[in-house]
Amino acid sequence: YATGHSARVDAIAAQADPPLPDEMRQTGVEGGIAAPIFVSGSLWGSLGVGFRGVPVPARAEQRLTQFAELVGLAISNAAAWQRLSQEASTDALTGLANRRVFQARLDAEVERAHRYGRSLSLALLDVDRFKQVNDVHCHQVGDEVL
(Lines give C-alpha, C1' and ligand atoms only; values in the text may rest on other atoms or scores of the structure.)
Protein backbone atom coordinates (compact mmCIF):
# COMPACT_ATOMS: atom_id res chain seq x y z
CA TYR A 1 0.00 0.00 0.00
CA ALA A 2 2.67 2.49 0.99
CA THR A 3 4.46 2.25 -2.36
CA GLY A 4 1.37 2.60 -4.54
CA HIS A 5 2.51 -0.45 -6.53
CA SER A 6 1.31 -4.03 -6.70
CA ALA A 7 3.22 -6.54 -4.62
CA ARG A 8 3.67 -10.29 -4.58
CA VAL A 9 5.13 -12.54 -1.91
CA ASP A 10 5.44 -16.19 -2.86
CA ALA A 11 6.69 -17.45 0.49
CA ILE A 12 6.14 -15.47 3.67
CA ALA A 13 8.94 -16.23 6.07
CA ALA A 14 7.98 -17.23 9.60
CA GLN A 15 10.45 -14.66 10.89
CA ALA A 16 9.56 -11.82 8.51
CA ASP A 17 11.26 -8.47 8.81
CA PRO A 18 9.31 -6.41 9.70
CA PRO A 19 7.33 -8.99 11.69
CA LEU A 20 3.93 -10.01 10.38
CA PRO A 21 0.91 -8.70 12.26
CA ASP A 22 -0.60 -11.30 14.61
CA GLU A 23 -3.76 -11.42 12.48
CA MET A 24 -1.76 -12.52 9.44
CA ARG A 25 0.36 -14.99 11.36
CA GLN A 26 -2.75 -16.63 12.85
CA THR A 27 -4.31 -17.20 9.42
CA GLY A 28 -1.41 -19.36 8.27
CA VAL A 29 -1.03 -17.37 5.05
CA GLU A 30 1.99 -18.60 3.11
CA GLY A 31 1.92 -16.24 0.14
CA GLY A 32 0.00 -13.24 -1.02
CA ILE A 33 -0.58 -10.43 -3.43
CA ALA A 34 -1.69 -6.85 -2.98
CA ALA A 35 -2.75 -4.10 -5.37
CA PRO A 36 -3.31 -0.40 -4.74
CA ILE A 37 -6.69 1.25 -5.28
CA PHE A 38 -6.50 4.70 -6.84
CA VAL A 39 -9.47 7.05 -6.85
CA SER A 40 -9.20 10.18 -9.00
CA GLY A 41 -5.43 9.76 -9.15
CA SER A 42 -4.94 9.49 -5.38
CA LEU A 43 -4.04 6.38 -3.44
CA TRP A 44 -7.25 5.38 -1.62
CA GLY A 45 -6.46 1.95 -0.23
CA SER A 46 -5.42 -1.53 -1.30
CA LEU A 47 -6.73 -5.02 -1.94
CA GLY A 48 -4.91 -8.04 -0.60
CA VAL A 49 -5.30 -11.76 -1.11
CA GLY A 50 -3.55 -14.41 0.94
CA PHE A 51 -2.90 -18.02 -0.07
CA ARG A 52 -2.54 -20.98 2.23
CA GLY A 53 -1.68 -24.50 1.15
CA VAL A 54 -1.28 -23.53 -2.52
CA PRO A 55 1.27 -21.41 -4.34
CA VAL A 56 0.33 -17.94 -5.49
CA PRO A 57 -1.17 -18.51 -8.97
CA ALA A 58 0.55 -17.21 -12.07
CA ARG A 59 -0.82 -13.85 -13.23
CA ALA A 60 -2.65 -13.43 -9.89
CA GLU A 61 -0.95 -10.09 -9.27
CA GLN A 62 -2.01 -8.83 -12.72
CA ARG A 63 -5.61 -9.99 -12.17
CA LEU A 64 -5.83 -8.36 -8.76
CA THR A 65 -4.38 -5.14 -10.18
CA GLN A 66 -7.09 -5.11 -12.86
CA PHE A 67 -9.75 -5.78 -10.23
CA ALA A 68 -8.34 -2.97 -8.04
CA GLU A 69 -8.65 -0.62 -11.04
CA LEU A 70 -12.33 -1.58 -11.35
CA VAL A 71 -12.86 -1.02 -7.62
CA GLY A 72 -11.27 2.43 -7.91
CA LEU A 73 -13.51 3.26 -10.85
CA ALA A 74 -16.60 2.08 -8.96
CA ILE A 75 -15.67 4.22 -5.93
CA SER A 76 -15.03 7.22 -8.18
CA ASN A 77 -18.36 6.73 -9.96
CA ALA A 78 -20.23 6.41 -6.67
CA ALA A 79 -18.67 9.65 -5.41
CA ALA A 80 -19.50 11.43 -8.68
CA TRP A 81 -23.10 10.19 -8.53
CA GLN A 82 -23.43 11.41 -4.95
CA ARG A 83 -21.98 14.82 -5.87
CA LEU A 84 -24.27 15.17 -8.91
CA SER A 85 -27.29 14.10 -6.87
CA GLN A 86 -26.45 16.75 -4.27
CA GLU A 87 -25.96 19.41 -6.94
CA ALA A 88 -29.26 18.49 -8.63
CA SER A 89 -31.23 18.83 -5.40
CA THR A 90 -29.80 21.99 -3.85
CA ASP A 91 -29.40 25.63 -4.73
CA ALA A 92 -25.74 26.31 -5.45
CA LEU A 93 -25.81 29.72 -3.76
CA THR A 94 -27.66 28.96 -0.52
CA GLY A 95 -27.25 25.20 -0.22
CA LEU A 96 -30.99 24.94 0.47
CA ALA A 97 -33.22 22.34 -1.13
CA ASN A 98 -34.39 23.42 -4.57
CA ARG A 99 -38.02 23.71 -5.69
CA ARG A 100 -38.21 20.11 -6.92
CA VAL A 101 -37.02 18.72 -3.57
CA PHE A 102 -39.27 21.16 -1.70
CA GLN A 103 -42.30 20.01 -3.71
CA ALA A 104 -41.49 16.32 -3.17
CA ARG A 105 -41.08 16.84 0.58
CA LEU A 106 -44.27 18.90 0.77
CA ASP A 107 -46.21 16.18 -1.09
CA ALA A 108 -44.84 13.57 1.34
CA GLU A 109 -45.82 15.64 4.38
CA VAL A 110 -49.32 16.28 3.01
CA GLU A 111 -49.69 12.53 2.45
CA ARG A 112 -48.45 11.81 5.99
CA ALA A 113 -50.91 14.33 7.47
CA HIS A 114 -53.77 12.64 5.55
CA ARG A 115 -52.62 9.16 6.58
CA TYR A 116 -52.55 10.00 10.28
CA GLY A 117 -55.52 12.39 10.25
CA ARG A 118 -53.36 15.30 11.38
CA SER A 119 -53.31 18.97 10.48
CA LEU A 120 -50.46 20.39 8.49
CA SER A 121 -49.14 23.93 8.73
CA LEU A 122 -46.86 25.57 6.23
CA ALA A 123 -45.16 28.93 6.55
CA LEU A 124 -43.73 30.56 3.44
CA LEU A 125 -41.71 33.74 3.60
CA ASP A 126 -41.28 36.15 0.76
CA VAL A 127 -38.55 38.74 1.00
CA ASP A 128 -40.43 41.86 -0.04
CA ARG A 129 -38.87 43.95 -2.76
CA PHE A 130 -35.81 41.71 -2.98
CA LYS A 131 -35.75 42.32 -6.73
CA GLN A 132 -34.94 45.95 -5.93
CA VAL A 133 -31.80 44.83 -4.07
CA ASN A 134 -30.60 43.08 -7.22
CA ASP A 135 -31.68 45.94 -9.51
CA VAL A 136 -30.17 48.74 -7.43
CA HIS A 137 -27.09 47.05 -5.96
CA CYS A 138 -26.42 44.27 -8.54
CA HIS A 139 -26.88 40.52 -8.30
CA GLN A 140 -23.58 40.00 -6.48
CA VAL A 141 -24.85 42.08 -3.56
CA GLY A 142 -28.18 40.21 -3.73
CA ASP A 143 -26.24 36.94 -3.50
CA GLU A 144 -24.43 38.21 -0.42
CA VAL A 145 -27.75 39.21 1.15
CA LEU A 146 -29.08 35.71 0.54
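The values are calculated or read from the model by the stated rules, or taken from the named source; none is laboratory data. Since this is a predicted model, take the numbers as computed values, not measurements. Don't worry about glycine lacking a Cβ; one is built from the backbone with ideal geometry, like all the others, and counts go over all protein chains shown. Quick note on the areas: whole protein, heavy atoms, side chains included, nothing else; ligands and nucleic acids left out. Shrake-Rupley method; radii C 1.70, N 1.55, O 1.52, S 1.80 Å.
Roughly how many percent of the accessible protein surface of region 20-77 is carbon and sulfur, given a 1.4 Å probe and a whole-percent answer?
59
For region 37-116, which trypsin sites (Lys or Arg not before Pro) are both in a DSSP coil and crowded by at most 12 other Cβ atoms within 10 Å?
The qualifying sites are 52, 59.
Picking from 66, 132, 103, which is most flexible by a Gaussian network model of the chain using Cα springs under 10 Å?
132
Any idea what angle helix 60-89 forms with the longest principal axis of the chain, computed on alpha-carbon atoms, 0 to 90 degrees, nearest 10?
Between helix and principal axis, roughly 10 degrees.
Once ligands and nucleic acids are excluded and a 1.4 Å probe is used, how much of residue 143 is accessible, expressed in Å² to the nearest 10?
The accessible area of residue 143 comes to roughly 70 Å².
Which whole-number value in Å² is the accessible area per residue of region 1-131, probe 1.4 Å?
Per-residue value: 79 Å².
Quick one: Kirkwood hydrodynamic radius for region 73-121, alpha-carbon pairs, angstrom, one decimal?
Evaluated over region 73-121, this radius sits at 12.8 Å.
Could you give the length gained on full extension between residue 54 and residue 143, defined as 0.36 nm per residue of separation minus the Cα-Cα distance, in nm?
So the chain would gain 25.5 nm between residue 54 and residue 143.
How much length is gained if the chain between residue 97 and residue 23 is pulled fully straight, taking 0.36 nm per residue apart and subtracting their Cα-Cα distance, in nm to one decimal?
Full-extension gain reported as 22.0 nm.
Suppose every Lys and Arg Cβ carries +1 and every Asp and Glu Cβ carries -1, with no other charges. What dipole size does region 7-138 come out with about its Cα centre, to the nearest 20 debye?
Charge dipole, region 7-138, about its Cα centre: 400 debye, nearest 20.
From the helices alone, meaning DSSP H stretches of at least four residues, give me the mean residue ellipticity at 222 nm for the chain, per-run term -39500 (n - 2.57), in deg cm²/dmol to the nearest 500.
Counting only the DSSP helices, I get -15000 deg cm²/dmol.
Computed over the Cα atoms, what is the radius of gyration of the chain divided by 2.2 N^0.38 Å, N being its residue count?
1.91
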